[in-house]
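Okay, so here's the structure we're looking at.
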Ligand code: UD1
Ligand code: UDP
């Protein structure tokens, strides 16, 4: 029996986390030959994901360079992928999400007329500059895609509105929930002593993350200033901030938070301690895409520090709120959640608009039935 050759391509932390469940299902599927190629647009942040899920890439383009520009990432990924695709000759190339690796991967496959499957297709904010450049990456990838794996009905509708044929769109759920089920453990004990020491019961611990390109500069400064003032006003609040490796984010954070003893800036956590931390905190404040999906599933209110989101489902379900990036609004919305227990209760509901943990199986079924 000739196997279906599926090559997965990914490069950053969130792509790794969301692609891992698919790779794990394909590894067990005898009808599929599973080939993994990483661009390594991220290095340390991706390597921890590969270790956790025990994935050994067949090809590692190792393109990461500190301070890399979008153009550099695109050129290095495109060139490296051309050679790998020519060698492997896959029947299908799978990409996940909206990063520059995703767009480059799809373009490299398209140039060689290789079929493309796009995991997490159809998310739209409606603004090409927010998230930037991800909104464009996702749309550009869609144009070249043969199989659109839409996580939700909302994303399917976006694709239909843009004229993609119904038979090419498959609602699968988001594999982020598959990964989350793998990672969350009861009575999880952290390696980092601080995380075991925090009083999650009597204090209100806020989990903060921020890295979006469009927030770097004034918006990020505003957000961090609001957080400083929140911890000053609320004596029982502490903040944990696993900080992105991006030096531009670090400069702003260290500048604004200085040595605030109630804002704990720590190195990026591995996925397992990170998600287990999320399951223990009071609220999440973030501009991350993935966290907007994970927090609702864990019943954690999430304040989204962005002007637009391509993930409206959490907001419609009531667990997420878009609070923008201006100081007054960010301060006000965090303050409300901390002061008003009714508001808090309204948002602290475990809802799962993003999937049931079986997205990877659905995606692999579609591949087997279609190719
Ligand atoms: C990229 C993705 C974004 C995703 C984010 C996840 C694009 C355009 N953007 O963000 O969609 O949400 O990753 O985190 O593809 N760095 C390291 N080591 C690492 C990773 C990053 O040192 O393992 C530092 C480097 O200095 C690097 C900087 O972080 O230059 C930013 O990395 P980059 O991949 O360019 O991140 P973003 O584009 O901000
Ligand atoms: N994450 C992690 N360690 C951290 C911060 C985030 O493992 O210190 C995980 C998180 O659980 C989520 C993903 O990384 O699955 C989100 O990545 P990021 O916020 O970098 O990217 P985005 O989702 O915004 O594209």
What number of residues within the stretch 1-34 satisfy the criterion of being closer than 22 Å to residue 180 by Cβ and within 16 Å of ligand 1 (Cβ to nearest atom)?
11
Determine whether residue 135 is within 14 Å of ligand 2 (Cβ to nearest atom), at pLDDT 95 or above, buried (at least 17 other Cβ atoms within 10 Å of the Cβ) and in a helix (DSSP H, G or I).
yes
Residues that are within 20 Å of the chain's Cα centre (by Cα) and assigned to a loop (DSSP other than H, G, I, E, B), drawn from the stretch 328-371:
350, 351, 352, 353, 354, 355, 356, 357, 358
Conditions first: (1) touching a residue at least 24 places away in the same chain (Cβ under 8 Å); (2) closer than 22 Å to residue 209 by Cα; (3) crowded, with 17+ Cβ neighbours inside 10 Å. Residue 350 passes all but one, so which condition is the exception?
(3)
The one condition residue 214 fails out of (1) within 15 Å of ligand 2 (Cβ to nearest atom); (2) surrounded by fewer than 21 Cβ atoms within 10 Å (Cβ to Cβ); (3) under 24 Å from residue 48 (Cα atoms) is (3)
Could we say that residue 21 is modelled with pLDDT of 95 or more, under 25 Å from residue 148 (Cα atoms), in contact with a helix residue (DSSP H, G or I) (Cβ under 8 Å, 6 or more places away or on another chain) and in a loop (DSSP other than H, G, I, E, B) here?
no
How many of the residues making up the stretch 223-247 are more than 11 Å from residue 210 (Cβ to Cβ) and within 16 Å of ligand 1 (Cβ to nearest atom)?
2
Is one or more of the residues making up the stretch 167-185 farther than 30 Å from residue 65 by Cα, exposed (fewer than 15 other Cβ atoms within 10 Å of the Cβ), out of contact with any strand residue (DSSP E or B) (no Cβ under 7 Å at 6 or more places or on another chain) and modelled with pLDDT of 95 or more?
yes
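On the basis of being touching a residue at least 40 places away in the same chain (Cβ under 8 Å), out of contact with any strand residue (DSSP E or B) (no Cβ under 8 Å at 6 or more places or on another chain), closer than 15 Å to residue 368 by Cα and away from ligand 2 (no atom under 16 Å from the Cβ), does residue 25 make the cut?
yes
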Just give me the residues in the stretch 186-198 being out of contact with any strand residue (DSSP E or B) (no Cβ under 8 Å at 6 or more places or on another chain) and either under 26 Å from residue 335 (Cβ atoms) or not in a loop (DSSP other than H, G, I, E, B) (or both), in sequence order.
193, 196, 197
Taking residue 67 as meeting all but one of (1) surrounded by 19 or more Cβ atoms within 10 Å (Cβ to Cβ); (2) at pLDDT below 95, write down the number of the exception.
(1)
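The values are calculated or read from the model by the stated rules, or taken from the named source; none is laboratory data. All values derive from a computational prediction rather than experimental measurement. Note that each Cβ is placed from the backbone with ideal geometry, even for glycine, and that neighbours are counted across all protein chains shown.
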